[in-house]
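Quick notes on the structure that follows.
The values are calculated or read from the model by the stated rules, or taken from the named source; none is laboratory data. Since this is a predicted model, take the numbers as computed values, not measurements. Using ideal geometry, Cβ is built from the backbone for each residue, glycine included, and neighbour counts are taken over all protein chains shown. Only protein heavy atoms, including side chains, enter the accessible area calculation; ligands, DNA and RNA are left aside. Shrake-Rupley method; radii C 1.70, N 1.55, O 1.52, S 1.80 Å.
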Amino acid sequence: MIYLLLIAFFVLLISNIPIAFTLLFSSFIFLHEWGMISPGILPNKVFNGINSFPYLAVPFFILAGQLMNKTGITTRLVKFADIVIGKIHGGLAQANILSSIIFAGLTGSGVADTSAVGSILIPAMTEQGFDKDYSAAVTAASSVIGPIIPPSVLMVIYANIVGISVGDLFVAGFIPGVLIGLGLMILAYYFAKRDNHPRRTEAVSTKEVLLTTKDALLAILMPVIIIGGIVGGIFTPTEAAAVAVAYALFVGFFIFRSLKLSDLPSALLESVKTTGTILIIIACAAIFGWALTILRVPSLLAAAITGVTQNPLIVLLFINILLLFVGMIMEIGAAVIILAPILAPLVAQLGIDPLHFAIIMVVNLNIGLATPPLGVCLFVAAPIAKTTLERVSRAILPFLAVEIAVLFLLTYWPKLVLFLPNLLGYGG
């Protein structure tokens, strides 16, 4: 019956059926053959999959990102990044990566980062003389930082499923996200020196620096308020998401004065579309996870891995390889919902810190956003650069190598992940 479920899943997946319906239909086929289908069981299980208060944070964080984007904050952040780092070898490529690090705190979405930052910087980079494939690759590679540096919708989903603190997970994401950004910057610097990439040479007035910095700080303040409020016990993650929306409205209407009432319907509509996509995947993945539980897949997988080795370092290597493969072929939200309940208890038995493993899983699966052949960020970046998916896929390989190197550094040096959480009282 395990083979039936998995064969049905992969056949539907390669048939280009949307992931939510792939999960639902493969579960239905298995449950029908198992004899466990009754008129109300599927709707009940699907509803229970999203009937959780913490999931209310998802639409609020998405709406906050949409509102901040409507204020024109992306342009301001790109300008700020160019002023800060544009004179370094690599110029706009360096600004692109720094923009992704800053922008991550506003949207928590790799795809949103690719679209927003890429639509500004990819044309600007190609106009300056950067290769268009390289420009798209830098944008897609740096966009994976979005769901790692908080706030992150993916972290909210993971924390809700596994039962760990969203606040701790948010805090733990800072250093890994920054490390990936620094690694990409070093590689961009190498390519700039080797290929003589252009960089900004003109001076910027003090007045322009101050104005640009002020605008950028107002944007950067939002994730600071969110994390500070959660860690300080002022509000819950769900309340923090609502506060983020209120802050975005305040900044857009009264500080920047670039947000108009006419912008709200489109922001709400886009938020509803994105939220609906995420929640239907969560709902359908819940019933698929239930089917896996019926088949005792978590315990069987745990027994299979521990039967080979009980060395935590080797187990983490196996899991990283598995997750890198899964990240290439499956939507990361669905992957978390299916695999987190299976893998988290396994690593806990081996003495691996649950927060450390959470970051490993989040970082690993996010690398899949930019990994050929199905990395979603590649599909977004290639049309913006007016090039092909194949060309961008080749150009991004060195950047993926850096991200995987950082992943293994985080895997085998847990203090990098746990330093900030421990500093703020995690485990105390």
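A few notes on this one:
Residue-wise test of (1) open to solvent by 60 Å² or more (accessible area, probe 1.4 Å); (2) at pLDDT 80 or above; (3) in a helix (DSSP H, G or I).
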site	(1), (2), (3)
PHE10	yes, yes, yes
LEU13	no, no, yes
ILE17	no, yes, no
SER27	no, yes, yes
PRO39	yes, no, no
GLY49	no, no, yes
LEU56	yes, yes, yes
PRO59	no, yes, yes
GLN66	no, yes, yes
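- When the helices (runs of 4 or more DSSP H) confined to segment 335-428 are screened for residues that are within 18 Å of PRO150 (Cβ to Cβ) and not hydrophobic (A, V, I, L, M, F, W, C), those reaching at least 1 such residues are found at 354-367, 414-423.
- Flag set for PHE399, criterion: at pLDDT 90 or above and within 19 Å of PHE191 (Cβ to Cβ).
Here is a yes/no grid of residues against (1) acidic (Asp, Glu); (2) without any contact (Cβ under 8 Å) to a residue 12 or more places away in the chain; (3) outside any helix (DSSP H, G or I):
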residue	(1), (2), (3)
ILE186	no, no, no
ALA203	no, yes, yes
GLU208	yes, no, no
LYS214	no, yes, no
LEU217	no, yes, no
VAL245	no, no, no
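- Complete set of residues in segment 150-165 that are more than 16 Å from LEU343 (Cβ to Cβ), open to solvent by 10 Å² or more (accessible area, probe 1.4 Å) and in a loop (DSSP other than H, G, I, E, B): SER165
- Residue in segment 263-272 that is under 23 Å from ILE149 (Cβ atoms), surrounded by 21 or more Cβ atoms within 10 Å (Cβ to Cβ), out of contact with any Phe, Trp or Tyr (no Cβ under 6 Å at 6 or more places or on another chain) and among the acidic types (Asp, Glu) present: no
- When residues in segment 181-206 are screened for being open to solvent by 50 Å² or more (accessible area, probe 1.4 Å) and either at pLDDT 80 or above or not basic (Lys, Arg) (or both), 13 of them pass.
- Check on ALA370, buried (at least 23 other Cβ atoms within 10 Å of the Cβ), under 19 Å from the mean Cα position of the chain (by Cα) and either hydroxyl-bearing (Ser, Thr, Tyr) or modelled with pLDDT under 90 (or both): yes
- Just one of the listed residues (SER115, SER135, SER100, SER119) is closer than 22 Å to LEU63 by Cα and surrounded by 21 or more Cβ atoms within 10 Å (Cβ to Cβ), and it is SER100.
- Scanning segment 299-334 for residues that are outside any helix (DSSP H, G or I), touching a helix residue (DSSP H, G or I) at 6+ places or on another chain (Cβ under 7 Å) and without any contact (Cβ under 8 Å) to a residue 24 or more places away in the chain yields a total of 1.
- A count restricted to segment 289-342 and to residues that are of a type in the set (Val, Ile, Thr), open to solvent by less than 30 Å² (accessible area, probe 1.4 Å) and within 30 Å of ALA141 (Cβ to Cβ) stands at 8.
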